[in-house]
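Notes to accompany the following structure.
The values are calculated or read from the model by the stated rules, or taken from the named source; none is laboratory data. This one's a predicted model, so the numbers in the text were calculated from it and none came from an experiment. Protein only, heavy atoms only, side chains kept; ligands, DNA and RNA dropped before computing areas. Shrake-Rupley method; radii C 1.70, N 1.55, O 1.52, S 1.80 Å.
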Amino acid sequence: MVNLIWLVMLICGIIVAALNGNIDQVTASALQASELGVEVAIELMGVMSLWLGIMHIAEKAGLIRHLARISAPVVRKLFPSLRADSPAFGPIVMNLCANILGLGNAATPFGLKAMQELQKENPDQETASPAMITFLALNTSCITIIPATIIAVRMKAGSANPVEIIGTTVFATGCAMASAIIADVLFRKRNGL
């Protein structure tokens, strides 16, 4: 559906530009946006590589297990259907940590690993388990304390104060995460899960 919306917007923009005699500006803007996209992607690769490397070192050093142990009381309350020794806790915690640091791309491998581990414990392989639903809700709405990727993009774009978005980001993502947790708890209670 989203693809259809974007397609309609794109076609409408091209038609309006053609009717106003500005089709050359559409072409120039498309090429300029393509170049900017490649530049930003290359610059963000450095930021992502750094954080993925740090997280890999943390994983090898046992920090993931330590973080999982420290956060276990909170995470267990959010995932009551998981066993206390579930191997899914480590990837779940690292995914949430990466999201908290605003590193959505770095969180993806941990999210995939968490879903694989959750699927192994899922009694019905054709339906998402309550733990999988909870994880998806948390992953999608996770609070972001340091929006590192957005700060990097703002720096690239020449922002005078690229970190000024931290306060509003914390507030907005905090509200989103609180809403997701409340909705998940209410859903589980309503369905007796």
Scan [x] 1.00; [y] 1.27; [z] 1.07 for the value of Rg/Rh (Cα atoms, Kirkwood Rh) calculated from this model and give just the label.
[z]
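What pairs in 113/156; 77/113; 77/156 have C-alpha atoms more than 29 Å from each other? All intermediate terms of the calculation are to be shown ahead of the outcome.
Working: 113/156 31 Å; 77/113 21 Å; 77/156 40 Å.
The answer is 113/156; 77/156.
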Residue 144's amide H: which non-local residues (gap 5+, or another chain) put their own amide H closer than 5 Å, with H modeled 1.01 Å from N in plane and none for Pro or chain starts?
173, 174
Tilt, helix 23-60 to longest principal axis of the chain (alpha-carbon atoms), in degrees rounded to tens, equals 20 degrees
Round to a whole number: what % of the accessible area of segment 74-193 belongs to carbon and sulfur, probe 1.4 Å?
67 percent
Using Cα atoms only, what is the angle between the long axis of helix 166-190 and the major principal axis of the chain, expressed in degrees (0 to 90) to the nearest 10?
50 degrees
What do you get for the angle between helix 63-78 and the principal long axis of the chain? Use alpha-carbon atoms, 0 to 90 degrees, nearest ten.
80 degrees
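Taking a probe of 1.4 Å, how large is the accessible area per residue of the chain, in Å²? Could the numbers behind the result be given before it?
Values: 12120 Å² over 193 residues.
Accessible area per residue: 63 Å².
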